[in-house]
1. List the residue pairs whose Cβ atoms are under 7 Å apart, where the first residue sits in the stretch 23-35 and is among the aliphatic types (A, V, I, L, M), the second is surrounded by 11 or more Cβ atoms within 10 Å (Cβ to Cβ) and at pLDDT 85 or above, and the two are 6 or more positions apart or on different chains.
2. If you go through the stretch 194-201 one residue at a time, do you hit one that is over 27 Å from Gln240 (Cα atoms) and over 17 Å from the mean Cα position of the chain (by Cα)?
3. Just to check your reading of the model, which residue among Ala118, Ala164 is modelled with pLDDT of 95 or more, in contact with a His (Cβ under 8 Å, 6 or more places away or on another chain) and surrounded by 22 or more Cβ atoms within 10 Å (Cβ to Cβ)?
4. Have a look at Gly128, Gly234, Gly185 and point out the one that is closer than 26 Å to Gln92 by Cα, of a type in the set (Gly, Ala, Ser) and within 23 Å of the chain's Cα centre (by Cα).
5. Hey, can you tell me all the residues within the stretch 83-102 that are among the hydrophobic types (A, V, I, L, M, F, W, C), touching a Lys or Arg at 6+ places or on another chain (Cβ under 8 Å) and either surrounded by 16 or more Cβ atoms within 10 Å (Cβ to Cβ) or closer than 12 Å to Asn60 by Cα (or both)?
Amino acid sequence: MQTITSRKQIDPRLNQLAIISGAQTDSGKLSSDFWSLLDQEILSHKVKFPILEYAALALNKTLSSDQIGDLFERLAAAKREACYPIIGKLIQLRLKREIAAPFSQAIDHIIEADVWYACDIISERVFGEGLLENFEASYQQLLEMGSHQNMWIQRSIGISTHYATKKKLPKHQVEKLLFLMLDHGHKTQLYIKKGIGWPAKTIAKFHPDLIYKNEQRIKKTKLSKWFQNKINIGLSMAKQPPISYE
């Protein structure tokens, strides 16, 4: 297994993939040669996520829409960790046209993957970027996702909130997401509470004033000890005093 950390390392492999795809007679499916090269020379190695996203951009330019559809299926079936930044980036490219369909596609991939890192990787790149691209439409999607029957989708609303907050989402929008996190802050299932608690810490770190502004609302809300502690950890990271829940 190699470690690939630069575009210079991956460019020859992407160029070879472009040559193979250009020589295909069937524009709807990826050839076995194409997939073997992608899997063995890129996906099976330790590749930095930004380089995988760069690869996704190259593949999006090289392949037809039908081939991209086939690529999604193959990446999902392969279930390698390196598959998910590519899946997330390819879906992310569709956010400028609409929100609902990319979100739905991302949800399907997260459920199929059924593992925390796939949830987090795709959530950041689709739901998190969606909040930055079109907040209101994305927020409406998150409202529904918070009550989804699948635990990874419930977790994903926290991952996307953490990501968008770090990426400097406007404060008034962060506040709406804080309220959404509070609505789910009572949950104690391990992966869900971790996902929901993460943005509580992030919001408190970057916007401690929002915590103090809404302190009474926070105290009156049924929250897990985990969530409460995450808020105070975030405040400590901002060098601000904790809030008392007693």
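1. Leu30/Gln67; Leu30/Asp70; Leu30/Leu71; Leu30/Arg74
2. So far as the stretch 194-201 goes, no, none of its residues is over 27 Å from Gln240 (Cα atoms) and over 17 Å from the mean Cα position of the chain (by Cα).
3. Ala118
4. Gly128 is the lone residue from the list that is closer than 26 Å to Gln92 by Cα, of a type in the set (Gly, Ala, Ser) and within 23 Å of the chain's Cα centre (by Cα).
5. If the condition is that a residue be among the hydrophobic types (A, V, I, L, M, F, W, C), touching a Lys or Arg at 6+ places or on another chain (Cβ under 8 Å) and either surrounded by 16 or more Cβ atoms within 10 Å (Cβ to Cβ) or closer than 12 Å to Asn60 by Cα (or both), then Ile91 is the only one that fits.
The rows are residues; the columns are (1) of a type in the set (A, V, I, L, M); (2) touching a strand residue (DSSP E or B) at 6+ places or on another chain (Cβ under 8 Å); (3) more than 21 Å from Ile121 (Cα to Cα).
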| position | (1), (2), (3) |
| --- | --- |
| Gln16 | no, no, yes |
| Leu37 | yes, no, yes |
| Ile42 | yes, yes, no |
| Ile51 | yes, yes, no |
| Lys79 | no, no, no |
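The values are calculated or read from the model by the stated rules, or taken from the named source; none is laboratory data. Every value quoted in this text rests on a predicted model; they were computed, and no experiment measured them. Cβ coordinates were reconstructed from backbone atoms using ideal geometry, including for glycine residues, and neighbour counts include every protein chain displayed.
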